[in-house]
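The values are calculated or read from the model by the stated rules, or taken from the named source; none is laboratory data. Predicted model, so just to flag it, every value in this text is computed and none were measured. All Cβ positions, even for glycine, are placed from backbone atoms using ideal geometry, and neighbour counts span all protein chains on display. Surface areas here come from the heavy atoms of the whole protein model, side chains and all, with no ligands, DNA or RNA. Shrake-Rupley method; radii C 1.70, N 1.55, O 1.52, S 1.80 Å.
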Amino acid sequence: MPTQRIISAVIGIALAFSLLILGGWYFSAAIALVIYLGLREYFQMVRAKGIAPAAKTTMVLSLMLLLSATVTPHLTDAFFPLTGALICFYLLFQPKMATIADISTSLLGLFYGGYLPSYWVRLRLGDGAVNPMGLHLPLNGFWPESWAHPENFPTGLLVTILAFACIWAADIGAYIMGKWLGRTRLSDISPKKTVEGSLWGVGGSLLVGVLGAWYLQWPYWEITGALLGLLIGIVSLLGDLTESMMKRDAGVKDSGQLIPGHGGILDRTDSYVFTAPLVYYFVVLLLPVLNNL
């Protein structure tokens, strides 16, 4: 693995982990930056196809959805169709009549680059509980007074760390084992991905999921942990392939050149996009049912 790629990965993981722990507006600001940069790369690919989306309007409304997820998370789902309608209304009154491609790529940008990432903020927010052992920081920030008892951290923080850890395990496992054992191409969409690497990546996510469920004392932790790890491993891979499909259609190798050795912000966050709502509803809908059995 190139040194530049390793250094970028270490710095990125350390920064992401720190902001994840801080939570509050610190984490929301980090997600807002990712949304802005990701949508900028996305709309560059869209314009490369000769399409004229409502880029600025979509960016603003995507950030408004993130604001809602931070302040009024229970209303974010209601705001989503309203923001989509506003994008259509904006395109309706442009001097040049918008095409179906203009409308659809704008709405996809809102969904892919704004609505789905907002689930990370909702997941990190959790039940809003504040650990009495933690430091109360401005802007709703949190920092542990002691690292010896992570079981006392806010629930939202622990679940989000587990989700991130599953994604990291899937990415690292697929990359390393794919380089070592990979022989069978997974898809023409991403020629470097192999079946062997993907299976090891999903297996790594599954293992981390089981260990995390055991630590968090989830009901039927062997099953719930394996299910969560399996789902994250598969969905993060599908997110990666989805972004690769968009790049191939746009005729670009990377979505950008922001991160040395990794490409653009979308190249590093594609595994996270579809994972966020999956984990959120897994925790919010499935676990409470199992707790009552």
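The condition of being of a type in the set (D, E, K, R) and open to solvent by less than 90 Å² (accessible area, probe 1.4 Å) does not hold for residue 145. Of all residues in the stretch 257-293, exactly one satisfies the criterion of being farther than 23 Å from residue 163 by Cβ and touching a Leu at 6+ places or on another chain (Cβ under 7 Å), namely 258. Counted as qualifying within the stretch 177-286 are the helices (runs of 4 or more DSSP H) with 2 or more residues that are acidic (Asp, Glu), namely 221-250, 265-273. For residue 293, the requirement of being in contact (Cβ under 8 Å) with a residue 24 or more places away in the chain and part of a helix (DSSP H, G or I) is not met.
Out of all the residues in the stretch 46-57, is one or more open to solvent by less than 20 Å² (accessible area, probe 1.4 Å) and over 21 Å from residue 95 (Cα atoms)? Checking the stretch 46-57: not a single residue is open to solvent by less than 20 Å² (accessible area, probe 1.4 Å) and over 21 Å from residue 95 (Cα atoms). Residues that are under 23 Å from residue 213 (Cα atoms), open to solvent by less than 80 Å² (accessible area, probe 1.4 Å) and out of contact with any Gly (no Cβ under 6 Å at 6 or more places or on another chain): does the stretch 94-117 have at least one? No, the stretch 94-117 contains no residue that is under 23 Å from residue 213 (Cα atoms), open to solvent by less than 80 Å² (accessible area, probe 1.4 Å) and out of contact with any Gly (no Cβ under 6 Å at 6 or more places or on another chain).
Based on this model, can you work out whether residue 231 counts as under 15 Å from the mean Cα position of the chain (by Cα) and surrounded by fewer than 17 Cβ atoms within 10 Å (Cβ to Cβ)? Here the answer is no, as residue 231 does not meet what is asked.
Within the option set 156, 114, being outside the structural domain of residue 85 (by the TED database) and in contact (Cβ under 8 Å) with a residue 40 or more places away in the chain holds for one residue only, 156. Suppose we keep only residues that are over 22 Å from the mean Cα position of the chain (by Cα) and assigned to a helix (DSSP H, G or I) within the stretch 148-166. Which one would you say is surrounded by the fewest Cβ atoms within 10 Å (Cβ to Cβ)? Checking each candidate, the answer is 151.
Consider residue 63 carefully, then state whether it is open to solvent by 20 Å² or more (accessible area, probe 1.4 Å), under 30 Å from residue 179 (Cα atoms) and in contact (Cβ under 8 Å) with a residue 40 or more places away in the chain. Taking the combined requirement at face value, the residue does not satisfy it.
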